[in-house]
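The values are calculated or read from the model by the stated rules, or taken from the named source; none is laboratory data. As the structure is a prediction and not an experimental result, all values here were calculated from the model. Cβ placement follows ideal geometry from the backbone for every residue including glycine, while neighbour counts extend to all protein chains displayed.
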Amino acid sequence: MARQNSKKVKVDKYSKVEPRIHPITIASIIGFFVVVFGLILIFQPTNQEKISDAYALYNVEITEDHPFYQVTYRGGLFKKGLNKIIESDEVVVVYVGFATCPACQTHIKGFESYYRSEGLDEHVSRIYYVDPTQNSGDYEKFQEAFPELTGSTPQILVFMNGEVVESYSPGASTEQTDINRSIRDFYRAVVTKITE
């Protein structure tokens, strides 16, 4: 019988060790990021708070449960755009304005209070708020789609089945009683048109 030459192979037990991260460490890292993102979401102001806070900077107080809800015309990744809302909803009310606009500051309180007192809240759950200063390209698309949209602010457009049926632009008077009367009359006309 022949003797086999067997060489001893040196085994390097340290080179075969692969780095491993303990599962508790991975879970801790994931948990940390979940908590951080959760806190960011919890403490981020709501859509309505952003609007009321913007007007509060100019001493215009609107209630916390105001009907305004800010949208853009084309929307975003997780938000439905006004173009889709107008297509899908039967009645849509859109407010165009921004907090630094003096005429918007004098009108927004009336838009809010007469929304409820004239019964528009029974027909629409919110007034979609479009700020033309936030995304000018998006606002231009809105203007192209609806020529009734003038360049002045504030303006309210009422859509029924995708078409503008009523619109409001401020008159020449700067007296608050005249402004309130014109807003009240506008809302009455809108409610009448909706209920016809």
key: Test: residue in segment 167-176 that is under 22 Å from the mean Cα position of the chain (by Cα) and not aromatic (Phe, Trp, Tyr)   = yes
inquiry  = Go through (1) under 22 Å from residue 183 (Cα atoms); (2) of a type in the set (Val, Ile, Thr); (3) in contact (Cβ under 8 Å) with a residue 40 or more places away in the chain for residue 72 and report which single condition fails.
reply    = (1)
request  = Could you pull out the residue among 153, 174, 133 that is part of a loop (DSSP other than H, G, I, E, B), among the polar types (S, T, N, Q) and surrounded by 18 or more Cβ atoms within 10 Å (Cβ to Cβ)?
outcome  = 153
message = Please count how many residues of segment 35-64 are in a helix (DSSP H, G or I) and without any contact (Cβ under 8 Å) to a residue 60 or more places away in the chain.
response = 18
task = Can you tell me which residue among 172, 189 is out of contact with any His (no Cβ under 7 Å at 6 or more places or on another chain) and in contact (Cβ under 8 Å) with a residue 12 or more places away in the chain?
result = 189
ask   = Just one of 179, 85, 183 is of a type in the set (A, V, I, L, M), surrounded by 15 or more Cβ atoms within 10 Å (Cβ to Cβ) and either modelled with pLDDT under 90 or more than 19 Å from residue 55 (Cβ to Cβ) (or both); which is it?
value = 85
message = Out of everything in segment 25-77 that is of a type in the set (Ser, Thr, Tyr) and farther than 30 Å from residue 138 by Cβ, what residue ends up being farthest from the chain's Cα centre (by Cα)?
response = 25
query = Tell me, which residue of segment 114-123 that is surrounded by fewer than 17 Cβ atoms within 10 Å (Cβ to Cβ) and part of a helix (DSSP H, G or I) is farthest from the chain's Cα centre (by Cα)?
reply = 117
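Specify the residue that is farthest from residue 67 (Cα to Cα); the eligible residues are those in segment 85-112 that are among the hydroxyl-bearing types (Ser, Thr, Tyr) and in contact (Cβ under 8 Å) with a residue 60 or more places away in the chain.
Filtering segment 85-112 down to residues among the hydroxyl-bearing types (Ser, Thr, Tyr) leaves 88, 95, 100, 106.
Next cut, in contact (Cβ under 8 Å) with a residue 60 or more places away in the chain only: 95, 106.
Working: 95: 10, 106: 17 Å.
My answer is 106.
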Filter result (under 17 Å from residue 87 (Cα atoms) and either in contact with a Phe, Trp or Tyr (Cβ under 8 Å, 6 or more places away or on another chain) or free of Cβ contacts under 8 Å to residues at least 12 places away in the same chain (or both)) within segment 150-169 = 157, 163, 164, 165, 166
